[in-house]
Structures are given as structure tokens and as C-alpha cells.
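Participant: Dumping the structure here so I can ask a few things about it.
The values are calculated or read from the model by the stated rules, or taken from the named source; none is laboratory data. Being a predicted model, the structure only gives us computed values, none of them experimental. Using ideal geometry, Cβ is built from the backbone for each residue, glycine included, and neighbour counts are taken over all protein chains shown. Accessible surface is based on the protein model in full, side chains and every heavy atom, while ligands, DNA and RNA are left aside. Shrake-Rupley method; radii C 1.70, N 1.55, O 1.52, S 1.80 Å.
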Amino acid sequence: MADHVIIGSGINALVAGALLSRSGKKVLLLEREDRIGGCMMTHAATLPGFAHDVMAATFVLFLTSPAYAELAEDLGKHGFELCHTAHPTAVLRPCGRGARLTTDRTENIAAFNTLAAGDGDQHGVDVTGIEADAPFLFALLGGDLWSWATARLLLGQIRKRGLNGLKSWIGTALRPARGWLETSYSSPDIQALWAPWVLHTGLTPESSYSGQMGKVIAFALEAAGAPIVKGGAGEAALAFRRLIEANGGEIRTGVDVAKITLSEPNGKTQRVTGVETASGEIIPAKHVLASVTPSQLYNRLLTDDAPQEQIAQAQQYRHGRGSFQLHYALDAVPEWLAEGLEDVALIHLSDGIDAVSKSANEAERGMLPETPTICVGQPHRLDPSRCPEGKAILWLQIPDAPRQIKGDAAGQIATDGSWDEATREAFADRIEGILARHIKGFDKIKLARAAYSPADLAALNMNLVGGDPYGGACTLDQFFTFRPFSSSRNGSTLFRNLHHIGASTHPGPGLGGGSGFNTAKRLGA
């Protein structure tokens, strides 16, 4: 019998598996696909010799996480290596203007002050404020919220700030990004630098607490950069695999868990006994950790055994916008028409708050955005091993694509409502047209491209419902202690030895591995 069976092999499952196996527990990870890693996937999507991160690429959340703090040394022994640049992000507006962030705060303050008097000083205030609040803030963003530790933390904040002071802090933290940026920064370039980043948290510029998340991102990028994994994100998954197996754990791919098995009811007590695979194999376990969406857990894995309250809540659980990925193999390093972008890890092509708001709103209404918000990664600049010498690759993510298409906001792309090949390639053409306007002779250096629609991403990973990469909408009613349900408590379920982890649970999406870490710690790792 396994001590812990873990369903899935994304970042949270791998973190939990690594910690639990290291503590001497008998751990078994079961993955339905023929590879591990969830959204950490690297392969030659365009041409042989070009290694593309098909989905997740940037590991700043992992680098700054408690999981990395504990596992970095062990992972390093098994091949995990991060690649960095001093220029984590920039924005390029249609007019050719923009702004760039470095990992040097003094340099950023000086540069931002040249864009608008006082904007650099305000940046210093914002990131220094996050730094000062880090112990409290990151405990709320990543720790077990329903716990005595959090209660003591809140009491400590009341003693420090006073009850009204804490109320004021929370009120400010709930401010949307539009309110933060428009009242804090005069430069439209600085506003445009940060506005697109809220999309990467599953929010929009008008969402509650998106302003606070914007500040957190600004602090994290400045402090830790935007690192990628040497060789590709898939190499991170392989390093975890080697670590888990070195600790005596086991990982099996191509195994689809069809059901979570339960004991016969004994009074009011019923326990999980293990899992049953699609092939009929029964695998007993003391604990089961399910890194899945609520619909997978309650409507498929538990089915008739799931509590009716949870079934109803799972049916009402909302997913957010989809993601669209576009990858290029280039014959030469791209020559940006704007200066200072050569070594930037992630460049947003956007005109600022209104542009981001418009594209996100169109996607949420089921429309193909007329001018999508585009994030461009340059992995070859951080990790030359990704492609042949003298060549280059681009990683594009469009975080505001509709999961289900109702039409085209520009009225140019005909669609039957599905992400068929014609619609996918027509939307890719729109994105490429925007990209090409910013790179000298783009058509001459383009070798190949590969596009992945939200439907394609969902086919690669069943947890990406409709191509939603965030495990569900990240609005306030489905976040923090309310994730995934208003009754949720730290990923626990009504079965004491069944634990829900993954992007659909607190602390939400990203490569931080927070829910896997927190659950492993509760289980004695």
C-alpha cells in the first residue's frame, strides 16, 4: 500500500511528491499522459533543434517560493538549472515607445523618473512597500489561510497597525490595477509596462486586488528576474522525477485514474481507500492527493460518492479566459525596431490600460480580440541551448483568448464558434501582423511557426478546461479562502484522507507549487 497516491504530475503534484518522498513516505504519482509535468512541456514544436516551451515558461514564482527554498539543492543535483537576464520585462507600444525594467531598483527609479517626474520615486514606494509587508503579504498569498498560524499573523498585524489600520491596508490591497496605475503614475509608458501583467494572474485591470498583484509582480520581477529552465520547462519536470525516484518514489505515466475508491460507510465516517485506474487496477493508499479541477474531482473521480453540496458547487465553478500560444523558429536573432529589447526576457506588445481592458473584455465576451495583448519571450537570449547557433526562437502567449468563440471583435475572421484550424491560423496571422511591425525584416527571418489554440491546450492537459491556464476564474469570490468553493478549507475535502491540490485550490495558479507544498507539510513532510 502506498502512503500517498498523487493524481497528476503538474508542479503542485511534483512538489508534494518530492517533499513526501524525501520524508520517507511511499509515494506513487499517476499521470494519464505519456509525459509528466502538466503545463511544463518542451518539444520541437516548429523544427528539429528548436526547443519550445509549449505552455509554461517563466519560473519566477518557483524561484521565490517556499518549495524552491527547500528543494533547490536537491533539484540542482538532478539537473535543475535556471537561466537569467538582468532585464526581466519591458513593454512596447504601437507608437514605438515603451519602458524596460531591470533587476536594479536604483536604475529603475532613475529611468522611470526620466519618463515622468516622480514616477520613479513612486515605483520605489510601491516595491519597497511590498518588501516591507512581505512576511504578512506572502503568507496570505501562499500559506494555509484557514489556520491558527494565519490567525496569529492577523492578530500580530492588528497589534502593529491597529484594527482600523489593518482595515485600511486590506482596502488598499483590494484596489484594481486601473485605480493603482492611473492615480500613481503619470507616464503612459509606465502604466503600459504593468497593465498587461494582471492578465497573467487571471485578472483584468478592473478586477479587485489586481493592483496589489501588479505591485507584487513588480517587486518579484525586480528582485528575482524572469528566469527560465536550462533546456526547457520540461527539464524541470525531469529533475523532479529523478529526485522523487532517488527518494524511493514511483511515477507512472499513461495511467488514467478513473475513480477514487471509498470504504463502506461506518456510521458517519467514510475514508478514501485508494484509486481505480481505467484499466481496472485497484491501487490502495493511505492518502490520495488529487491535482485536478473541481469538475474532475467531484463529477468524475468521486461521481456518485461525492457529497451533493460539492457536486453542485463544482457545477457552478467558473473558468476564466483561455490562452493562445504561438511559437517561432527564426533564422537569425530578431532585430527590434525599438532600442533596448535585445536581452529582455518578456516583452508585452500593448498600448496600456485601456488596450488591455478592451482585449480582456472582448475575450471574456467570447470575441476574438481585435488587438490582443501579446507577451513575447526570447528564450534563446537566456538559454542559447534552445536552438542552433545563430538562430532564435520566440515564445508568444496571448492571455486573453476566448474559451468559446462567439465572434470576431474586428469582424474579419469568420468562425463557426469552434477553435478549428482555420480560426486558429487566422488569429495567429493577426498576432503575427502586430509582431512583425516591431521586428526588422521579420518575414525574411521567419522559418516556421506553431500555434496552439485554447482547444489545443485543453487537449494537451485536461485540467486546462477550455484552454483556461489558471484552473478557474481568479475573481475574489473564487480566490484566497474561497478557492475553489466558499466552504473550502486549505484543500481539504469531506474525506479526511483526500486532499485537493493544483491551480484550482489556494494559492491558485502559477509555478509556485504552493498547494502541493502546503499539503505535503500538513501531511508531515
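Participant: Measuring with a 1.4 Å probe in the full set of protein chains, what accessible area per residue, in whole Å², belongs to region 1-44?
Facilitator: Details: 1300 Å² over 44 residues.
Per residue, region 1-44 has an accessible area of 29 Å².
Participant: Have a look at the DSSP beta bridges in the chain and tell me what percent are antiparallel, nearest 5.
Facilitator: If I count the DSSP bridges inside the chain, around 60 percent turn out antiparallel.
Participant: Classify region 1-75 as rounded, prolate or oblate, taking a ≥ b ≥ c as the square roots of the eigenvalues of its Cα gyration tensor: rounded when a/c is under 1.5, otherwise prolate if a/b is larger than b/c and oblate if not.
Facilitator: Verdict is oblate for region 1-75.
Participant: What percentage of the solvent-accessible surface of region 373-467, computed with a 1.4 Å probe over protein heavy atoms, is contributed by carbon and sulfur atoms?
Facilitator: Roughly 47 percent, rounded to a whole number.
Participant: Once you sort the root eigenvalues of the Cα gyration tensor of region 66-137 as a ≥ b ≥ c, which label holds: rounded (a/c under 1.5), prolate (a/b larger than b/c) or oblate (the other case)?
Facilitator: In terms of gyration-tensor shape, oblate.
Participant: Please get the size of the charge dipole for region 251-296, origin at its Cα centre, with Cβ charges of +1 on Lys and Arg and -1 on Asp and Glu, quoted in debye to the nearest 20.
Facilitator: Numbers: 5 positive and 4 negative charges, 42 e Å.
Its charge dipole is roughly 200 debye.
Participant: Taking only protein heavy atoms into account and a 1.4 Å probe, give the accessible area per residue of region 159-306 in Å².
Facilitator: I get 39 Å² per residue for this part.
Participant: A further question follows. Name the residues of region 422-450 whose amide N is less than 15 Å from a point 7 angstrom out from the Cα of Leu47 along the C-beta direction?
Facilitator: 442-450
Participant: How far is helix 119-142 tilted off the main Cα axis of the chain, in degrees rounded to 10, range 0 to 90?
Facilitator: For helix 119-142, the angle is close to 10 degrees.
Participant: Return one number: the angle in degrees, 0 to 90 and rounded to the nearest 10, between the long axis of the Cα atoms of helix 66-77 and the longest principal axis of the Cα atoms of the chain.
Facilitator: Orientation of helix 66-77: about 90 degrees from the principal axis.
Participant: Shape call for region 1-160 from the C-alpha gyration tensor, a ≥ b ≥ c root eigenvalues: rounded (a/c under 1.5), prolate (a/b greater than b/c) or oblate?
Facilitator: In terms of gyration-tensor shape, oblate.
Participant: Another question, if that's okay. Between Leu337 and Leu447, how many nm apart are label points set 7 Å from Cα along the C-beta direction?
Facilitator: Each label point lies 7 Å from its Cα, and together they span 2.5 nm.
Participant: First compute the accessible area of region 74-160 with a 1.4 Å probe, then give the percent of it belonging to carbon and sulfur atoms.
Facilitator: Carbon and sulfur: 59 percent of the exposed surface of region 74-160.
Participant: May I pose another question? Could you tell me what percent of the accessible area of region 177-235 is made up of carbon and sulfur, with a 1.4 Å probe and every protein chain present?
Facilitator: That share works out to 51 percent.
Participant: By the scheme Lys and Arg +1, Asp and Glu -1, what is the net charge of all other residues having a beta-carbon under 13 Å from that of Asp477?
Facilitator: Spelling it out: positives minus negatives among the neighbours equals +2.
Participant: Another question about this same structure. Whole-Hz ³J(HN,Hα) for each residue in region 220-233, computed from phi via Karplus 6.51 cos²θ - 1.76 cosθ + 1.60 with θ = phi - 60°, x for glycine and proline: what do you get?
Facilitator: Listing the rounded values in order: 5, 5, 5, 7, 10, x, 10, x, 10, 8, 4, x, x, 4 Hz.
Participant: Note down the nm distance, to one decimal, between modelled labels 7 Å out along Cα→Cβ at Ala110 and at Glu81.
Facilitator: Calculated label separation equals 3.3 nm.
Participant: Using Cα atoms only, what is the angle between the long axis of helix 163-173 and the major principal axis of the chain, expressed in degrees (0 to 90) to the nearest 10?
Facilitator: Compared with the principal axis, the helix lies near 60 degrees.
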